[in-house]
Amino acid sequence: MSASPITYRLANESDVKELVRLRLAYLHADFGELDSDDVQMIEQQLPEYLETHLTHDLHAQTAFCGDVMVGTCWLLVVEKPASVAFLHGRTGAIFNVYVDPAYRKQGIARKLMLRLIDTARTLKLDRLELRATAMGFNLYRSIGFLEDESSHRAMNYVLGKN
């Protein structure tokens, strides 16, 4: 680990390669060893996705040590019909919160999250949602995220698997 200070900023088009690298690192940390075909598919799809969505409906806070991206977290803006839960119809899904293991326990993830929450306020989002890993749960709670106590249960249907 370098003695260089950590700097923070929103990602832009020049960061696509590093964002892909950290996305794959996150997926590896979360899911274990990735199938080489899956990695190849992600490496092909993700740059185009990022180039299309980054700074539009996808915002990524980043942390750098020198020229190397060492952490990131992503905010996807989702527009829905207004409801009592989100009066303006704009919510945010936070994902890919990741800090390189050599840089953990320095407050980088907390700073990234707080900066992303500021981004959400600037965008006038009604609420933020995330799914916490065991590693991130206490951080998110300390920032103010609450467990979903809805009478509705989260469910998924995976297309192509059923």
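Every number here is computed from the coordinates shown, using simple stated rules; none is lab data. Just so you know, these numbers come straight off a predicted model, no measurement behind them. So basically every Cβ, Gly included, is an ideal-geometry build from the backbone, and we count neighbours across all protein chains shown.
Figures for the structure shown
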{"item": "Length added when fully stretched, residue 4-residue 104, from 0.36 nm per residue minus Cα-Cα", "result": "34.5 nm"}
{"item": "For the chain, size of Cβ-based charge dipole, Lys and Arg +1, Asp and Glu -1, in debye", "result": "740 debye"}
{"item": "Fewest-first ranking of 100, 148, using other Cβ atoms within 10 Å as the exposure measure", "result": "148, 100"}
{"item": "Relative contact order [Cα under 8 Å, 6+ residues apart], segment 3-162, whole percent", "result": "20 percent"}
{"item": "Under 16 Å from the residue 68 label point (7 Å along Cα→beta-carbon), backbone N, segment 84-117", "result": "99-106"}
{"item": "Overall form of segment 76-162 per C-alpha gyration tensor (a/c, 1.5; a/b vs b/c)", "result": "oblate"}
{"item": "Distance between segment 112-138 and segment 13-55 - C-alpha centres, whole angstrom", "result": "20 Å"}
{"item": "25 °C / 0.890 mPa s Stokes-Einstein diffusion coefficient of segment 1-155, Kirkwood radius on C-alpha pairs, µm²/s", "result": "148 µm²/s"}
{"item": "DSSP bridge pairs, segment 6-143: antiparallel proportion in percent, nearest 5", "result": "85 percent"}
{"item": "Efficiency of FRET from Cβ geometry, residue 131 and residue 82, R₀ 22 Å, rounded to 0.05", "result": "0.40"}
{"item": "Among 6, 39, 101 the positive-end extreme of the charge dipole of the chain (Cβ point charges)", "result": "6"}
